[in-house]
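Working notes, structure below.
The values are calculated or read from the model by the stated rules, or taken from the named source; none is laboratory data. Remember, it's a predicted structure, so these values are computed and weren't measured experimentally. Cβ placement follows ideal geometry from the backbone for every residue including glycine, while neighbour counts extend to all protein chains displayed.
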């Protein structure tokens, strides 16, 4: 983590340098802005890894003064009191409150905390429009990529109801449409698989009326259309069940 922080900081400073260069600022006036490194840890296990470069390198004490050093603020999100996260009123604190609850098994918990967060966002002044927009987009991506499929539709509808920015609304709408399209495509594909499984089982029963139930169960587990097509062709040419490789290799 110490190396990652230094790497990120150098990238930020390099970006500042490029802006000064593009702006034709005389080099004698170049000034880089200070950076306050903060680690927000959202894991559930206790953080034990060293953050400083010195500890990472195992450098002899006589050489430690040559290793870049900087202080880092560390916040264990899961261990921090919820009121401490939100007491300043900054949208980031409310997003951390959502992350604090995302591992709870009960989906009602995450829905409640997201709803509370959205209600608070609705109270933000117009001067905080940019923060509101970024926070909403973050919540949308959290729902899209970190929540179970069966929760997404309801949570996205909740986000849409609180979207105040047209760009945010369009992003949410586009994502929702993509989810629907993905669901339709998955449903069509699953329909093909189900139909092919039924065809294979029907042909097997026609060829071998005393088919063991275990065989039909195993075919029902196969989700590969190519594998099912191969089974269908094997059954057509088979003289006995021994001539058919029914093992599920999908």
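Screening 177, 167 for residues that are modelled with pLDDT under 80 and exposed (fewer than 11 other Cβ atoms within 10 Å of the Cβ) leaves exactly one candidate, 177.
Is it the case that some residue within the range 20-29 is in contact with a helix residue (DSSP H, G or I) (Cβ under 6 Å, 6 or more places away or on another chain), surrounded by 12 or more Cβ atoms within 10 Å (Cβ to Cβ) and modelled with pLDDT of 90 or more?
Taking the range 20-29 as the starting set, the residues that turn out to be in contact with a helix residue (DSSP H, G or I) (Cβ under 6 Å, 6 or more places away or on another chain) are none.
Scanning the range 20-29, I find no residue that is in contact with a helix residue (DSSP H, G or I) (Cβ under 6 Å, 6 or more places away or on another chain), surrounded by 12 or more Cβ atoms within 10 Å (Cβ to Cβ) and modelled with pLDDT of 90 or more, so the answer is no.
Take the residues of the range 30-39 that are surrounded by fewer than 14 Cβ atoms within 10 Å (Cβ to Cβ) and in contact with a strand residue (DSSP E or B) (Cβ under 9 Å, 6 or more places away or on another chain): which is farthest from residue 75 (Cα to Cα)? Out of the qualifying residues, it is 36.
Okay, residues lined up against (1) at pLDDT 85 or above; (2) under 43 Å from the mean Cα position of the chain (by Cα); (3) surrounded by 10 or more Cβ atoms within 10 Å (Cβ to Cβ):
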site	(1), (2), (3)
216	no, yes, yes
223	no, yes, yes
231	yes, yes, yes
234	yes, yes, yes
242	no, no, no
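Scanning the range 50-74 for residues that are in a loop (DSSP other than H, G, I, E, B), touching a residue at least 12 places away in the same chain (Cβ under 8 Å) and either touching a helix residue (DSSP H, G or I) at 6+ places or on another chain (Cβ under 9 Å) or not assigned by TED's automatic domain parsing to the domain that holds residue 4 (or both) yields 50, 51, 52, 67, 68, 69, 70, 72. Of everything in the range 102-111 that is loosely packed, with under 14 Cβ neighbours inside 10 Å and assigned to a loop (DSSP other than H, G, I, E, B), the residue that is nearest to the chain's Cα centre (by Cα) is 103.
May I ask you to verify whether residue 42 is at pLDDT below 90, under 23 Å from residue 100 (Cα atoms) and surrounded by 13 or more Cβ atoms within 10 Å (Cβ to Cβ)?
Values: at pLDDT below 90: yes; under 23 Å from residue 100 (Cα atoms): yes; surrounded by 13 or more Cβ atoms within 10 Å (Cβ to Cβ): yes.
Yes.
Considering the range 57-68, and only residues there that are modelled with pLDDT of 90 or more and surrounded by 10 or more Cβ atoms within 10 Å (Cβ to Cβ), the residue that is nearest to the chain's Cα centre (by Cα) turns out to be 68. Screening residue 54 on (1) at pLDDT 90 or above; (2) more than 28 Å from residue 149 (Cβ to Cβ); (3) surrounded by 16 or more Cβ atoms within 10 Å (Cβ to Cβ) shows it passes everything except condition (1). The residues listed here are 99, 85, 95, 36; of these, the one that is assigned to a helix (DSSP H, G or I), without any contact (Cβ under 8 Å) to a residue 40 or more places away in the chain and under 30 Å from residue 121 (Cα atoms) is 85.
So, residue 144, is that one at pLDDT 85 or above, farther than 30 Å from residue 228 by Cα and surrounded by 15 or more Cβ atoms within 10 Å (Cβ to Cβ) or not?
Values: at pLDDT 85 or above: no; farther than 30 Å from residue 228 by Cα: yes; surrounded by 15 or more Cβ atoms within 10 Å (Cβ to Cβ): yes.
Here the answer is no, as residue 144 does not meet what is asked.
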